[in-house]
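The values are calculated or read from the model by the stated rules, or taken from the named source; none is laboratory data. Note that the coordinates shown come from a computational prediction; the quantities given were computed from them, not determined experimentally. Every residue, glycine as well, gets a Cβ built from its backbone with ideal geometry; the counts of neighbours run over all protein chains shown.
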Amino acid sequence: MLRLVWSIVAYAQSGSCSRSYVVKAGDTCDSISAANNASTYQLAIVNSGTIDPSCSNLAIGATICLASPGQDCSQTHVVQTGETCNQLESVFGINSTILWANNPQINEDCTNMYTGEVGLITVIKYSNI
């Protein structure tokens, strides 16, 4: 799972994109992520030179990247009020290692998740066939 994080970081430097989205009026990073099965963290990382950390500079009509080639989300989840990391692990059948590997923005105490954040639950697995 750490491979996803490093692949996303590598993408930010490489400039290639496997899925993109054109920003519309009223969009936020969370709404774009939720509608397009991309984690909020992934969206921020793959657009690190375009979108600021607080996602306050989305430009209507701009094309942003949703995923890097070879790595993408297969399942995401929009955090609901009061949800905890333990609840997510239980509901989705994952352990804390996988949760934090897929969501490195979440702190060790799981106190910085926010309502509306889109988290990565599972990663699309690619084979070299």
Residue among A25, A44, A38 that is under 13 Å from T76 (Cβ atoms) and either surrounded by 18 or more Cβ atoms within 10 Å (Cβ to Cβ) or modelled with pLDDT of 50 or more (or both)
A38
Of the residues that make up the stretch 74-81, is at least one assigned to a loop (DSSP other than H, G, I, E, B) and either more than 27 Å from A25 (Cα to Cα) or in the same structural domain as V23 (by TED's automatic domain parsing) (or both)?
no
From the list S90, S54, exactly one residue is assigned by TED's automatic domain parsing to the domain that holds A38 and exposed (fewer than 11 other Cβ atoms within 10 Å of the Cβ). Which is it?
S54
Could you identify the single residue in G61, G49, G70 that is more than 21 Å from V123 (Cα to Cα), modelled with pLDDT under 90 and surrounded by fewer than 22 Cβ atoms within 10 Å (Cβ to Cβ)?
G49
Among (1) small (G, A, S); (2) surrounded by fewer than 16 Cβ atoms within 10 Å (Cβ to Cβ); (3) out of contact with any strand residue (DSSP E or B) (no Cβ under 6 Å at 6 or more places or on another chain), the one test that A101 misses
(2)
What pairs come up if the first residue lies in the stretch 87-111 and is under 19 Å from Q71 (Cβ atoms), the second is among the β-branched types (V, I, T) and at pLDDT 90 or above, and their beta carbons are under 7 Å apart, counting only those six or more places apart or on different chains?
W100/I106
